[in-house]
Amino acid sequence: MLDTAPCGFLSTTDSGIILVANITLREMIGHEPTSLQGRHIEALLPMIGRLLYHTHLVPLLVMQGKVEEAVLSLQLQRGGTLPVLVNAVRHERREKIVHDWVFMPMHLRTQYEDQILRAKKAADEATRLQIQANAALVEARAALELKQAELVEANARLEALATLDSLTGLKNRRAFQEQLDFQMALAIRISSPLSVLILDVDHFKHINDTFGHPTGDLYLQMLARILQQNSRDVDIVARYGGEEFAIILLSANQIDAIGVAEKFRRKVEAESWPNTAITISVGASTLSQEMHTSASLIDSADQALYMSKKRGRNRVTHARDVKHDGL
């Protein structure tokens with residue numbers, strides 16, 4: 001029943017090797033019965049589809065166990081691509097992790113092709129219009145490809161707008177939280193260290209009240225640049241909210257986190273600020289066995305930040321030291 005279901009079905013290993021492909025999927029993309037088993041799912045995807053598979057679909061399966069209504073294109077055996085709607089689940093079968101995929105064709109492309117076929121039929125019926133009709137056919141195909149490229153570009157722009165802070169250009173809180181959930185799950189899975197810093201500007205309200213909000217915005221932009229320039233490419237720097245910033249330090253243990261936080265603090269203290277000097281207070285936290293959620297990691301960094309302020313500001317406190325201070 002599944003082999004002839006009115007949708008494409010595919011089952012892969014955790015690493016993407018195809019275990020099963022039903023008849024509907026093979027007919028949909030034009031493959032022979034034995035041509036898919038044992039190949040990587042990348043063989044069914046164009047370049048953009050492979051990027052989407054690795055950067056979006058696989059992370060969703062790892063973190064959430066499922067993918068719902070994602071748009072993807074399949075590479076056709078005869079050439080070209082077929083846009084499909086994708087749903088997938090990650091689960092255990094026979095003591096092995098597998099990914100089951102369902103593909104439903106999207107009919108927008110069919111509508112375009114139908115228009116092209118009608119134009120061709122009209123050209124066949126009138127010889128003198130044949131050259132015109134063929135030109136229209138080529139133009140229609142080019143317009144379709146252009147629209148698809150524009151859609152990909154528009155989606156990329158929308159994704160950037162949804163994940164970036166408009167003032168500083170850093171990741172926003174939503175993007176930070178998504179990255180933290182993913183990186184924490186990965187760190188636990190591979191037993192890798194992970195640390196988080198939360199910092200904010202000391203007495204920032206005084207800057208806004210004294211020099212105005214435009215100056216306050218300038219200070220936040222300068223601070224964002226300092227944090228970005230003094231971070232590794234693999235680290236994730238975000239504006240957490242207001243004058244508060246957060247950084248995910250990959251493969252960073254407790255000593256690493258304190259060292260990076262101190263570097264930030266010194267750089268800010270030494271910067272030539274336009275009106276008055278500022279300092280930052282930093283709270284650091286490192287993933288430990290008793291932390292099971294990203295919220296617990298953030299909460300411990302927040303408590304460490306509070307302790308830095310309580311101790312007089314312009315300092316770094318790690319969450320391990322908070323308990324010794326009675327919090």
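At-a-glance table
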| item | result |
| --- | --- |
| Flag for D299 being in the same structural domain as L180 (by TED's automatic domain parsing) and closer than 20 Å to T168 by Cα | no |
| Residue within segment 26-41 that is closer than 16 Å to H99 by Cα, assigned to a loop (DSSP other than H, G, I, E, B), modelled with pLDDT under 95 and hydrophobic (A, V, I, L, M, F, W, C) present | yes |
| Residue identified as surrounded by fewer than 18 Cβ atoms within 10 Å (Cβ to Cβ), assigned to a strand (DSSP E or B), of a type in the set (D, E) and on the phi > 0 side of the Ramachandran plot among E92, E69 | E69 |
| Enumeration of residues in segment 247-274 that are in contact (Cβ under 8 Å) with a residue 60 or more places away in the chain and in contact with an Asp or Glu (Cβ under 7 Å, 6 or more places away or on another chain) | I248, L250 |
| Checking G216 against (1) buried (at least 17 other Cβ atoms within 10 Å of the Cβ); (2) in contact (Cβ under 8 Å) with a residue 40 or more places away in the chain; (3) over 24 Å from T293 (Cβ atoms), the condition it does not meet | (2) |
| Q64 being modelled with pLDDT of 85 or more and within 15 Å of L45 (Cα to Cα) | no |
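The values are calculated or read from the model by the stated rules, or taken from the named source; none is laboratory data. Owing to the predicted nature of the structure, the values given are computational and were not obtained by experimental measurement. Cβ atoms come from the backbone with ideal geometry, glycine included; neighbour counts cover every protein chain shown.
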